[in-house]
Structures are given as C-alpha cells and as structure tokens.
Amino acid sequence: MNLETHLRARRAEGRTLLVPYVTGGLGAGWLDVVRAVAAAGADAIEIGIPFSDPVMDGATIQEASQRALDLDATPAAIIADAASLDVDIPLVVMTYYNPVQHAGHQRFASSLAESGIDAAIVPDLPLDELDGWGEAADAAGIETVLLAAPTTTDERLRAICERSRGFVYGVALMGVTGERRALAAQAGEMGRRCKAVTDKPVLLGVGISTPEQACEAAESADGVIVGSALVRRLLQGGGPEAAATFVSELRSALDVRDAARASGDPT
Amino acid sequence: MAAPARGEQVVLPTTLGGEPTGLGRFGEYGGRFVPETLVPALEELEAEFRTAWVSDEFRAELGDLLTNYAGRPTPVTECRRLSERLGVRVLLKREDLTHTGSHKINNVLGQALLTRRMGKQRVIAETGAGQHGVATATAAALFGLDCQVFMGAVDIERQALNVFRMQLLGAEVIPVSSGSATLKDAINDALRDWVASVESTHYCIGSVVGPHPYPWIVREFQRIVGDEAREQCRTRTGGDPDFVVACVGGGSNAIGTFTGFLETAARLVGVEAGGHGLESGQHGASVSRGVPGVLHGARSLFMQDEDGQILSAHSISAGLDYPGVGPEHAQLAAEGRAEYVYATDDEALAGFQLLAETEGIVPALEPAHAIGWLAREAGRSVPAGSTVLVTLSGRGDKDANQVAEMLGETLG
Ligand SMILES: Cc1ncc(COP(=O)(O)O)c(C=O)c1O
C-alpha cells in the first residue's frame, strides 16, 4: 500500500489522520496490539524497532525499547513477524540509523518491502545524510518520512517537505518523545509552517498524549502521531484491549471534531 | 602500512590533521547524524567557530586564558628512574599540571568563549571520569554561565571527589541510570536535554566525538598539547620521539597530541581500555574490536552486536569506559597512520603504581593505561633505547579512593 496515497485519500474524506506508535517486540502479544490498534481506527501504524541508544526518545519509549531488547527482540525478527499482520492500513517502521546501516541499506529496505511495510522514519538521519538510505529505500518502494522541527529554517523546511515521502512529520515541540500536560506552544506554528509549503499530508507528533491535545494539534495539521501515551499503557500491563480503548478514545474525539467541521460548526 | 622510518618525511593525505571534508568527514567517518531539531544549532556552531578561529581577538583571549588561568604551557618531564627501569627514554607531557588537572580544560575554555559569542547563557556537558564535568563547571563559574552535567550513576559512585568539585563550582550533577549508567548513557541524556534546550544552551562536548563540527572543534582546541610537545621534545632531545603514546577514550588527548606529530616520523600509538582482556568482551577497545557504525551523531567504530545494538564497554577508568572512538581516530587507523593497542585494568593499575613510585607522579587511571602499555611493551614492540613521549592527560587524585579500595586499603 502506498502510504502517501492512502493518507491523501483519507484526508480528502475530511478525516483527521491518526497514527499510533507501538514498540515492536514489546511482549509476545505485540502483533495483537497492532491489530487491535488498526481495528480501533488508526489510519496507519508506526512500529518501533528498538535501539539500544534512542536519543530522540523520552523515558517511556526508552523503557519500552529496553524491555523489548531484554525480551530478545531483534530488528530482523520484528520485521519478519510484521509480515503476518493482515491489517488494511499502511505500516511504518520507526528506528534509528545504526541498525539500518548495520543490516545494509538495500537489505534493510528489501526486508521491509518483503514484509509488506510501506515506510520508514529514521529520526537521526536528517536530510543532509539521507543519500545512501534514501536511494535504497526509493528503489525498494519504501517511503522515507522526514522530520521537520520548530528550529528548522524556512529554506530547509521547503527542502524537507520536498524530499519527504508518505507524509511530513512535524515535531510538535522542542524536545524528545514523552507525554506532556499540555500541547506545546510550538505545535500550531509547526503545522502551519509545513502546510504553507507542501500539500503532502502533514502530521504532528511528539508530546501529543490525550484526545484533547490531538484535537488541538489537528487545528494546524492533517493529523497526529501518538506514541508515549499508548506505550505507557502497554508498559503498565495493558494489552490489545487497553490499546484499542485508548485509540478509540482518540478516534472518537477526532471524529466528533471532523463531523463538526463538515457541518460548518466551528467548535 | 609500515610505520615510516625515523627521519623520513611523511606526506599528509589532505584529510589527516586538516579540516574535515564535506559534511564533517574524515575519510568515510564523521558526519552529522542528529535529529533535525539540532541541525541549525550545529550549523551555527560551525559558523561561529570558523569566524572565531581566524580572529586574532579570539585567539588572543583564548591564549590569555590558557596561559594565565589554565597554566599553559605545560612542561615535558624527563623520567629518569622510569626510563632506567624500562630501558627506553620516557618523556611525559604534563597535562596533569593544568588548572583542574587534565587536558579537558583546553577544550572547555575554547567552547566557553564560543558559548559567550553565541549569546547562550547555559552549558550542559557529559562526563565520565568527572574531569570534563569539572572543567566545564570551572569555565561556567568563570564566565557566569548556568551549568548542568550529566553523569552515569556508576561513575558518580567511583568518581565521588569530582562530583563534589562540580557542586562546589556551582554546577548541578544529573545522575543517569539508563543503559550501562556510564559515559555513553550520559551523552544520550545530554543530547536529549539539548534537543529541548538548544535555543538557549550550548552542549559542551568533552571529546572528539559527536556530530560535526565537534570532532573538528575539539581537536583544534586540543592540538596545543601536541604542538607544544613537539617543540619541547625538539629542544630537549634535538629531534622527534620514536613513539608518541596517549590513552584513548573518545580520543581528545590522543588526537590533540597526535596532530602535533602527524608530519614527523614518530609512531603514533593510542592505548584503549583492555578491561578484563579483549577475549572477555569486557573492554573499551573500540578500534581493535569495534565495527563501523553510527552513534552520538557520527559514523565511527563502535562495539556493537550482530543487530547493530551498541554494547556496554567496561573499564577500570570511567574516562575510557566508552564503546566508541572519535571519527578521526577511525580514519587514522584506516590510513595506518596511528596504531591502536590496549592495556588491561590490571596493567593500568600497575602503571598507576609504577609512575607514582618511580617518578613521584600519581597519574589518572586513564593515562595509567598508556604507562601500563609502555611497561609491558618496552624492550618488545618498543625497542630498547627508543624515545617515547607519553601524554599524561590527567592527575590521579580523583582515583585515589577507587585504587585504595582495589588494593585493599581503607582511607580515612
Ligand atoms: C585524565 C583523562 N584522560 C583521558 C580521558 C579520556 O578522554 P579522551 O580520550 O577524550 O582524552 C579522560 C576522560 O574523562 C580523562 O579524565
């Protein structure tokens, strides 16, 4: 499935896009968690491939990554297991550059493609270092999603939006992943700046933790990515049902907002 | 590549000892593998450094600080009794005699001046042995900057004296308990802080690691060690040493030393942490046993497993307890211009005692690895009668407690 085509189509229906993040290999039931999240109304799912030194992640995803690694999760096994996911939405892996380059660009990209994974996010591989991986991913039909940050200059932002595939990931705050009490002040500006220079889907992520925050973030973007708030529920012992409940709450809130927008009601 | 014969002139490939090419490349190593949030700050830092490094005013201010605050130049000491014992002529470059007691101050004073030029009010740093943390806290006090230092919980335990020194200097020490709770993890948390604080904060990296431009900037600030030592050796011995030896954690004292000798015929030897021995897997010998990878913003050599997960290092010394090495060292190794060897924990401990007993100099456990390696190799791979310059990167006060414990002594 092509991620960008899929997200554009859903956006055209007036739907706010929702992309939850699940740490791959976090317990034997992680594939069931992904299935439950898909059924609860996700428009695509990010599968985290744990790395020993995740510098873009806060405490929750660090802990989940470490726990998965302690359970002997490996990139190859997570990717292979993902092949059994018969969900009808696109799958995106999120990992760091070392495991990617260690496997080899082409080998990693083709293993994703063989497992039916559509896209990849590699947060420590900025535009300027994209070359080797970017070409291998393109050749294998894997869309590489690039991140834009509040500190990104206008000139870079245009180049990032141009090169990004699937969607543009706007970092909604200054900082690493993790739940926050309120949506950061930078979120709205980030979404607006991206939207002004691209018609690709723009999703905001990092620090979006509640249905209210998701709706607020959706004011300036096409959708949201929710990671730590979901992963925390899994770390606290929640399984597929708990994950589905939370994602349904997010979905319902966004649906209410979308319905109001469709009827011209400015709530 | 065979080491050049004594007196032979070495023609430098352009990347050795010069400016990195492209986006911070030393050969295939280096680069800028960081979250997008940090890219503009790294560009700003590079631009600031480029302007500063050719500015007479900047050079004069840094020179004044190095001379009148840090106590440079540091001497080169001829070790008579140790030389007699080992059958080789040993000269020590005395970075232990700088203010704060290690070479780390050279880099920190430079970065503190850059921080002020960029108008930032806060500095963060990582530290392993605590020497870089102490140096950063010192410069922060001197310049009136806010300072927070990330330090692994394991290192806080074994370098308690330096933790107290940092606090005295007004810095806050933030314990890091993730991963192996040592230097690697302290860098991770410093980077995470910086992703949130980059607009007001300078990350003062303590070694020749990290994303471009750090490996280049830190090397330029440390090359004074090698530049001084080369002239001092020529004055004292009438020539260049046969061997130039330094310990390698991230590699800043070693690169600073080596850079001054790249164009001589000296054999350059970096001594890594051999821990419990390379076969044990418990060591920090990233050049000997690492493979190419990307961590902390740069491509270099790292200890990692078959999936590309970074392994924990082990060393008796907190400053060498790092599973990677700076990218320029990876390049020097690839070009064969420098050799990388190791000393085990036990050999370092023996070196620590040997230097104390023969010369009245208590080294830090990090450079004790260089002494320990020399003690093992003198008369073997270091032929009898050779002249050997060893960079004594720091003094051993910080390690006295730990060593006493290991030797079965109780203090106080
Ligand atoms: C005295 C001393 N020497 C050496 C090192 C290792 O660092 P580098 O390899 O960057 O010189 C440290 C680091 O803490 C140190 O304190």
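Counting only protein heavy atoms and a 1.4 Å probe, tell me what percentage of the range A:17-261's accessible area is made up of carbon and sulfur.
49
Considering only DSSP beta bridges where both residues belong to the protein assembly as shown, give the percentage that are antiparallel (nearest 5).
Rounded to the nearest five, the antiparallel share is 20 percent.
Per-residue accessible area for B:Thr37 at 1.4 Å probe radius, Å² rounded to 10?
0
Mind putting together the pair-distance distribution for the range A:17-261? All Cα pairs, 10 Å bins, whole percent per bin, short to long.
It works out to 8, 34, 40, 17, 1, in whole percents.
For the protein assembly as shown, with only Lys/Arg (+1) and Asp/Glu (-1) charged at the beta-carbon, what is the dipole magnitude about the Cα centre, in debye rounded to 20?
Result for the protein assembly as shown is approximately 1120 debye, rounded to the nearest 20.
Quote the accessible area belonging to A:Leu130 in square angstrom, nearest 10, computed with a 1.4 Å probe and with ligands, DNA and RNA left uncounted.
Around 10 Å² of this residue is reachable by solvent.
Calculated from DSSP H runs of 4 or more alone, at -39500 (n - 2.57) each and per residue, what is the 222 nm mean residue ellipticity of chain A, nearest 500?
-14500 deg cm²/dmol
Could you give the spread of the C-alpha atoms of chain B along their three principal axes, from largest to smallest, in whole angstroms?
Principal extents (Cα only, largest first): 55, 52, 49 Å.
Which value, in debye to the nearest 20, gives the size of the charge dipole of chain A about its Cα centre, when Lys and Arg are +1 and Asp and Glu are -1 at the Cβ?
Using Cβ point charges on Lys, Arg, Asp and Glu, chain A gives about 500 debye.
In the full protein assembly as shown, how much of B:Lys104 is accessible to a 1.4 Å probe, in Å² to the nearest 10?
40
Which of the peptides B:204-215, A:52-63, A:252-263 is most tightly packed, and how do the rest follow, going by the mean number of other Cβ atoms within 10 Å of each residue?
Listed from highest to lowest mean packing, they are B:204-215, A:52-63, A:252-263.
Which of the GluC sites (Glu not before Pro) across the range B:136-222 are loop residues per DSSP, with 15 or fewer other Cβ within 10 Å?
B:Glu199
Which peptide among B:55-64, B:287-296 comes first, and what is the full order, when sorted by highest mean count of other Cβ atoms within 10 Å?
Output ranking for B:55-64, B:287-296: B:287-296, B:55-64.
Excluding residues on the same chain fewer than 8 positions from B:Lys93, give the lysines whose Cα lies under 28 Å from its Cα.
B:Lys104, B:Lys184, B:Lys398
Quick one: what are the phi-derived ³J(HN,Hα) couplings along the range B:101-110, Karplus 6.51/-1.76/1.60 with θ = phi - 60°, whole Hz, x for glycine and proline?
x, 7, 5, 4, 4, 4, 6, 5, 5, x
Let's test the formula: R0 of 30 Å, r as the Cβ-Cβ distance of A:Thr5 and A:Arg158. What FRET efficiency results, to the nearest 0.05?
0.85
Per residue, how much accessible area does chain B show when a 1.4 Å probe rolls over the protein heavy atoms, in square angstrom?
Computed with neighbouring chains in place, this is 33 Å² per residue.
For the protein assembly as shown, taking Cα atoms only, what is the radius of gyration to one decimal and the Dmax to the nearest whole Å?
26.3, 92
Once the dipole of the protein assembly as shown is set up with Lys and Arg at +1 and Asp and Glu at -1 on Cβ about the Cα centre, which of A:Ala242, A:Gly205, B:Ala350 lies farthest towards its positive end?
B:Ala350
With a 1.4 Å probe, how much accessible area is buried between chains B and A, both sides summed, in Å² to the nearest hundred?
2800
Using just the helices of chain B, give the 222 nm mean residue ellipticity in deg cm²/dmol: DSSP H runs with n ≥ 4 each add -39,500 (n - 2.57), and the total is spread over all residues, rounded to 500.
-13000 deg cm²/dmol
With an 8 Å cut-off on Cα pairs and a minimum separation of 6 or more residues, tell me the relative contact order of chain A in percent.
It comes to 23 percent, rounded to a whole number.
The values are calculated or read from the model by the stated rules, or taken from the named source; none is laboratory data. None of these values were measured; they are calculated from a predicted model. So basically every Cβ, Gly included, is an ideal-geometry build from the backbone, and we count neighbours across all protein chains shown. When the accessible area is computed, the model is the full protein with side chains, heavy atoms only, and any ligands, DNA or RNA have been set aside. Shrake-Rupley method; radii C 1.70, N 1.55, O 1.52, S 1.80 Å.
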